[in-house]
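The values are calculated or read from the model by the stated rules, or taken from the named source; none is laboratory data. If you're wondering where the values come from, they're calculated on a predicted model, not measured in any experiment. Cβ placement follows ideal geometry from the backbone for every residue including glycine, while neighbour counts extend to all protein chains displayed. What goes into the accessible areas is simple: the full protein's heavy atoms, side chains included, and nothing from ligands, DNA or RNA. Shrake-Rupley method; radii C 1.70, N 1.55, O 1.52, S 1.80 Å.
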Amino acid sequence: THQNTTMLIDRNVVTEIVSRFENGRRRREQQDFLDLFADQPIRINPLLFVMEGNRRSTPTPAEAEVQMEEVTAKLRAALPKAEIAVGPEHLKGALGLIEDSRASFVSKQRFLAHLAPLLASPVARVDVEARWNDIIVAADLHSVRRQSLVVLAALSAVAVPNGKSPAKRLLKFRNGYTEADAYNALADIRAIELFIAMLSYFPDEAIQLCTADKNLALLWVGIQASNFARVGTGFTYDMTPVDELFPGDTGSAWKSVLEGKD
């Protein structure tokens, strides 16, 4: 309810808004958190919608421009009082982020595709250490930083028994795993990464990440990110994952991975 809060919304929240509101009026009387969007002149940033695209693959510049026009029209029809952060400078920023992260994104897709056959089924306790080592080897092989959220998510998928980690559900491992599956999972994780970047670069701004994806929300809450700080052209932050992501001794093992100790 902060007057100057910017809401960073993903595609599923856009869908929720469009289905709930028409010209600022609720289509259904049942109360919902989204009603806060209708009761005040809220500021909305649809960057995640534009960057993800609608083809389960990285959008081209032309496709990104179409996505921006589409989300602008949808949000203005649903919430005419909202301030939508769209324009040439926002599109340029989205395209810059897409291009800057392209090589890293491809490496992470290969990393997930490498792991999918190993992690599609729940990992037996006797195999946990072996699968953990497989993840580290795959990260190094595909040039994915051990400190990255996608590696954390993969390790958590192994650490929590019976496939119950929200990270495992977020990564969407299954038989017949495709590049599109990996793209969807990485688009979700990127939402957290961009949110962290914004908190680091703009510490005086009130920014909130809104998603209807329960597993994405659980991962964000579970990593307990804090101490966001801009350092040169990059940023730093701390994480203290909860036991639900790394039960027992696996929390200490995860810290060893970050320190490069196999």
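Would you please name the residue that is least open to solvent (accessible area, probe 1.4 Å), looking only at residues in segment 200-215 that are farther than 16 Å from Leu97 by Cβ and free of Cβ contacts under 8 Å to residues at least 60 places away in the same chain?
Restricting to residues being farther than 16 Å from Leu97 by Cβ and free of Cβ contacts under 8 Å to residues at least 60 places away in the same chain, the top hit is Asn215.
Output the residues belonging to segment 1-19 that are open to solvent by less than 20 Å² (accessible area, probe 1.4 Å) and within 16 Å of Thr72 (Cα to Cα).
Within segment 1-19, Met7, Leu8, Ile9, Asp10, Val13, Val14, Ile17 qualify.
Going through segment 16-31 one residue at a time, which ones are without any contact (Cβ under 8 Å) to a residue 24 or more places away in the chain and either within 23 Å of the chain's Cα centre (by Cα) or closer than 23 Å to Gly93 by Cβ (or both)?
Within segment 16-31, just Ser19 meets the criteria.
Just to be sure before I move on: is Glu99 open to solvent by 30 Å² or more (accessible area, probe 1.4 Å) and closer than 29 Å to Asp35 by Cα in the structure I sent?
On the way: open to solvent by 30 Å² or more (accessible area, probe 1.4 Å): yes; closer than 29 Å to Asp35 by Cα: no.
Criteria not met by Glu99.
Which one is nearest to Met7 (Cα to Cα) among residues in segment 31-48 that are part of a loop (DSSP other than H, G, I, E, B) and open to solvent by 10 Å² or more (accessible area, probe 1.4 Å)?
Only one residue tops the list, namely Ile42.
Looking at (1) in contact with a helix residue (DSSP H, G or I) (Cβ under 7 Å, 6 or more places away or on another chain); (2) in contact (Cβ under 8 Å) with a residue 24 or more places away in the chain; (3) under 15 Å from Trp254 (Cα atoms), which one does Asn133 not meet, given that it meets all the others?
Only one criterion is unmet by Asn133, namely (1).
Take Met51 and decide whether it is open to solvent by less than 20 Å² (accessible area, probe 1.4 Å), assigned to a helix (DSSP H, G or I) and touching a residue at least 24 places away in the same chain (Cβ under 8 Å).
So Met51 fits the description; yes.
Any residue in segment 162-174 that is aromatic (Phe, Trp, Tyr), farther than 30 Å from Ile44 by Cβ and touching an Asp or Glu at 6+ places or on another chain (Cβ under 9 Å)?
Checked segment 162-174: at least one residue is aromatic (Phe, Trp, Tyr), farther than 30 Å from Ile44 by Cβ and touching an Asp or Glu at 6+ places or on another chain (Cβ under 9 Å).
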